[in-house]
Amino acid sequence: MKKLVCICFAALLALTAPLCAHGVTNQPKASPSLVEISFKNAVIEEDFSPEKHDYTLTLSDSKVTPTLRDYKIEGDADIFVTYDYDNTKHQTGVLITLEYKNGTTIYNFAYKNAEFFAQNANNYLKEASCKLGVIEPEISRDRTDYTIYIPQDLTVLDMSAATEDVGAYCEVPTEISLTSEQELDIPLSVTASNGEKRVYSFKVRRTKKSSDEFEKMIKNNAADELIESEKFYTNPIFIITVLSAAGAILLILLLVRIAKRLTIELSDSDEPEFFAEKAE
């Protein structure tokens with residue numbers, strides 16, 4: 001009887017062991033989380049924790065928009081920075097979005113001491129970014145036209161921008177749909193607190209890289225290399241050189257063909273005289 005019980009117990013263990021192992025290996029993985037973050041021109045009032053999503057920001061200069069300084073993410077995720085506005089289009093805080101394969105996590109950083117209603121003519125951009133894109137050159141007061149380099153197969157473009165003045169409003173076109181191989185100019189308008197507008201232009205240019213290749217280059221801090229290679233192949237000097245070389249090759253082939261025709265014609269015209277002399 002004891003032997004039979006032992007045999008049944010062993011058989012039960014053999015049947016349940018794979019199920020237990022299967023349950024362990026298929027436990028849901030923890031979502032990526034933001035474990036550290038800091039801002040330029042702002043201090044987070046509370047201690048940051050990945051589980052808490054609402055915070056207060058005290059601005060060092062109450063007239064200047066805070067921007068992302070540093071961050072640390074546990075897991076595979078992208079970070080995206082946008083700005084929150086009230087009904088009067090005054091900036092009220094920073095929204096940090098963590099995007100990953102199975103969803104998103106949003107952290108809200110509300111301003112504590114922004115000067116929302118101090119009117120001035122500052123309608124300059126401070127920063128601009130594009131998810132899976134590189135903006136060139138760096139944003140400055142000296143120009144309003146820029147280029148966004150994107151992967152060859154990108155179909156949705158996400159942009160974010162920060163104004164210099166916390167009281168200015170920036171109309172950022174988010175989630176721009178692109179057709180295959182489409183390149184376009186994206187206008188971006190910044191309105192100062194006194195109502196004066198400045199329009200920026202971002203020309204979208206596709207690279208030869210796929211989205212995966214593009215993302216790897218950005219993560220490896222090879223964005224400059226990517227841009228320089230694109231500039232080289234679109235440089236007028238390079239294009240003129242290539243066209244000149246192609247033209248020279250075609251000219252040589254044409255001259256060779258003409259030379260062959262002349263040789264054949266001369267040979268054909270000499271043959272009757274040769275045979276006529278033989279006949280005499």
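Residues that are acidic (Asp, Glu), within 23 Å of Glu230 (Cα to Cα) and surrounded by fewer than 13 Cβ atoms within 10 Å (Cβ to Cβ) were ranked within segment 115-159; the one that is modelled with the lowest pLDDT is Glu138. When residues in segment 7-25 are screened for being at pLDDT 50 or above and open to solvent by 90 Å² or more (accessible area, probe 1.4 Å), 5 of them pass. Could we say that Ala222 is at pLDDT below 90 and crowded, with 19+ Cβ neighbours inside 10 Å here? It is false that Ala222 is at pLDDT below 90 and crowded, with 19+ Cβ neighbours inside 10 Å.
The condition of being closer than 21 Å to Pro173 by Cα and within 24 Å of the chain's Cα centre (by Cα) holds for only one of Thr88, Thr104, that being Thr104. Segment 45-127 holds strands (runs of 3 or more DSSP E) entirely within its bounds, and those carrying 3 or more residues that are among the aliphatic types (A, V, I, L, M) map to 91-100. The lone criterion from (1) exposed (fewer than 15 other Cβ atoms within 10 Å of the Cβ); (2) at pLDDT 95 or above; (3) touching a Ser or Thr at 6+ places or on another chain (Cβ under 6 Å); (4) of a type outside the set (A, V, I, L, M) left unmet by Asp54 is number (3). Only one entry of Lys101, Lys72, Lys89, Lys112 meets the criterion of being open to solvent by 50 Å² or more (accessible area, probe 1.4 Å), out of contact with any His (no Cβ under 7 Å at 6 or more places or on another chain) and closer than 15 Å to Thr163 by Cβ, and that entry is Lys89. How about segment 173-215: which of its residues are surrounded by fewer than 18 Cβ atoms within 10 Å (Cβ to Cβ), among the aliphatic types (A, V, I, L, M) and in a loop (DSSP other than H, G, I, E, B)? The answer is Leu178, Leu184.
The values are calculated or read from the model by the stated rules, or taken from the named source; none is laboratory data. Everything numeric here is computed off the predicted structure, so don't read it as measured data. No Cβ is skipped: glycine too gets one built from the backbone with ideal geometry, and neighbour counts run over all protein chains shown. Heads up: the accessible areas ignore ligands, DNA and RNA and are worked out on the full protein's heavy atoms, side chains in. Shrake-Rupley method; radii C 1.70, N 1.55, O 1.52, S 1.80 Å.
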